[in-house]
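Below is one structure; the comments refer to it alone.
The values are calculated or read from the model by the stated rules, or taken from the named source; none is laboratory data. Predicted model only: the values in this text are computed from it and were never measured. All Cβ positions, even for glycine, are placed from backbone atoms using ideal geometry, and neighbour counts span all protein chains on display.
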Amino acid sequence: MENESIKTDTEELLQLVSFKLGEEEFGVDILKVQEINRIMQITKVPNAPSHVEGVINLRGKIIPVIDLRVKLRIERKDYNNNTRIVVLENDNNIVGFIVDEVKEVLRIPKGITEAPPEMVAGIDSKYITSIGKLENRLLILLDLDEIINTTTEKMEEVES
């Protein structure tokens, strides 16, 4: 038993910000999260992909905002007091994700995660890096590269 606790201490920990979309809980690497904001004025962009809600002006920077529900094919929902925009930076791309509610900051051992099945909660596995098995819930870890890259490619197609 003692060896197990020693092993856990040296095991790589994932530091995540968790948030909800509907009944599902998702996580992203905390180092990629720049800030979390209440919903604000979003300017629509003509001909943008349906999951791109528009852009926001954040301290002089124009940032595309993705409705993560639409991107992950979860039914749209009206915004409420818990709705947040999670601003992330990934490979010099800064983007905002609209989420239903930010839950908490978590530190979980990498060992409790496993590769996702083909579909999780109706979400294509290409957008998921792994599933974290917590005591009483599952945490879906998102692949930011895949989500952001497929969005920026579509935005570039619109611009050209």
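Do we have any residue at all in region 73-83 that's closer than 20 Å to Leu139 by Cβ and either touching a Phe, Trp or Tyr at 6+ places or on another chain (Cβ under 9 Å) or in a strand (DSSP E or B) (or both)? The answer is no, given that none of the residues of region 73-83 is closer than 20 Å to Leu139 by Cβ and either touching a Phe, Trp or Tyr at 6+ places or on another chain (Cβ under 9 Å) or in a strand (DSSP E or B) (or both). Is it true that Lys103 is free of Cβ contacts under 8 Å to residues at least 40 places away in the same chain and of a type in the set (Lys, Arg)? Here the answer is no, as Lys103 does not meet what is asked. Considering Ile112, Ile94, Ile108, the condition of being of a type in the set (Val, Ile, Thr), in contact with a strand residue (DSSP E or B) (Cβ under 7 Å, 6 or more places away or on another chain) and without any contact (Cβ under 8 Å) to a residue 40 or more places away in the chain is satisfied by Ile112 alone. For region 110-127, the set of residues classified as surrounded by 13 or more Cβ atoms within 10 Å (Cβ to Cβ), more than 16 Å from Glu23 (Cβ to Cβ) and at pLDDT below 90 consists of Pro116, Asp124, Ser125, Tyr127, listed by residue number. Taken over region 46-68, the criterion of being on the phi < 0 side of the Ramachandran plot, touching a residue at least 60 places away in the same chain (Cβ under 8 Å) and over 16 Å from the mean Cα position of the chain (by Cα) is satisfied by Ala48, Pro49.
Scanning region 73-90 for residues that are surrounded by 11 or more Cβ atoms within 10 Å (Cβ to Cβ) and free of Cβ contacts under 8 Å to residues at least 60 places away in the same chain yields a count of 10. Candidates Gln41, Gln34: the one that is among the polar types (S, T, N, Q) and within 17 Å of the chain's Cα centre (by Cα) is Gln34. Does region 79-86 include one or more residues that are within 23 Å of Asp124 (Cβ to Cβ), modelled with pLDDT under 95 and within 14 Å of the chain's Cα centre (by Cα)? No, because not a single residue in region 79-86 is within 23 Å of Asp124 (Cβ to Cβ), modelled with pLDDT under 95 and within 14 Å of the chain's Cα centre (by Cα). Within the set Asn37, Asn47, the sole residue that is polar (S, T, N, Q), farther than 24 Å from Leu134 by Cα and outside any loop (DSSP other than H, G, I, E, B) turns out to be Asn37.
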